[in-house]
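The values are calculated or read from the model by the stated rules, or taken from the named source; none is laboratory data. Model, not experiment: these values are computed from the prediction. Because the Cβ atoms are built from the backbone with ideal geometry, glycine has one as well, and the counts that use them run over all protein chains shown. Heavy atoms of the whole protein, side chains included, go into the accessibility calculation; ligands, DNA and RNA do not. Shrake-Rupley method; radii C 1.70, N 1.55, O 1.52, S 1.80 Å.
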Amino acid sequence: MEYYCLMVRTGEEEEFKKKAQKAFGEQACTAELYYFQRTLKTNQGKLYEKPLFPGYLFFQTESLTPQIMQTLKKIDGFIRILLVYLWGL
């Protein structure tokens with residue numbers, strides 16, 4: 001499995017995840033998106049959730065094919081995929 005970090009519009013992480021799951025469901029593609037949140041407490045004691053990494057989703061797939069990249073680019077809110085090349089590892 002390969003893991004990638006997607007940059008999306010800040011504040012639209014959950015909406016992007018839903019759109020992407022729908023798009024990938026139509027393609028019979030094995031892709032998973034992860035979106036992390038943390039629970040915080042206000043001074044008044046009320047709980048609310050906030051993104052742990054605002055503007056980012058984590059993406060897991062067997063391999064990043066051109067078809068998957070094309071699908072991601074078509075989804076509203078996609079900015080780019082962060083790629084890290086590690087030589088010698």
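Some values worked out for this structure:
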| item | result |
| --- | --- |
| Cut-off 15 Å between beta-carbons: net charge of the residues surrounding Gly77, Lys and Arg +1, Asp and Glu -1 | +3 |
| For region 1-42: accessible area per residue (Å², 1.4 Å) | 67 Å² |
| Residue with peak Gaussian network fluctuation, the chain [Cα springs, cutoff 10 Å], from Gln21, Gln70, Gln60 | Gln70 |
| Of the GluC sites (Glu not before Pro) in region 14-78, those whose Cβ has at most 11 other Cβ within 10 Å and which sit in DSSP loop | Glu62 |
| Normalised contact order of the chain, rounded percent, pairs of Cα under 8 Å and 6 or more residues apart | 46 percent |
| Inter-site label distance for Glu12 and Lys41 at 7 Å from Cα along Cβ, in nm | 3.5 nm |
| Lysine pairs with alpha-carbon atoms under 18 Å apart, region 1-78, spacing 8 or more or separate chains | 11 |
| Net charge of Cβ neighbours under 13 Å - reference Leu52; Lys, Arg +1; Asp, Glu -1 | -1 |
| Accessible area of the chain belonging to carbon and sulfur atoms, whole % at 1.4 Å probe | 53 percent |
| Those chymotrypsin sites (Phe, Trp or Tyr not before Pro) in region 37-85 that DSSP places in a loop and that have at most 16 other beta carbons within 10 Å | Tyr85 |
| Most mobile of Lys22, Lys74, Lys46 in a GNM of the chain (Cα contacts under 10 Å) | Lys46 |
| Between 0 and 90°, nearest 10: helix 13-27 axis offset from the chain longest Cα axis | 30 degrees |
| Net charge, Arg9 excluded, C-beta distance under 11 Å - Lys, Arg +1, Asp, Glu -1 | -4 |
| Prolate/oblate/rounded call for the chain, Cα gyration tensor, a/c under 1.5 rounded | prolate |
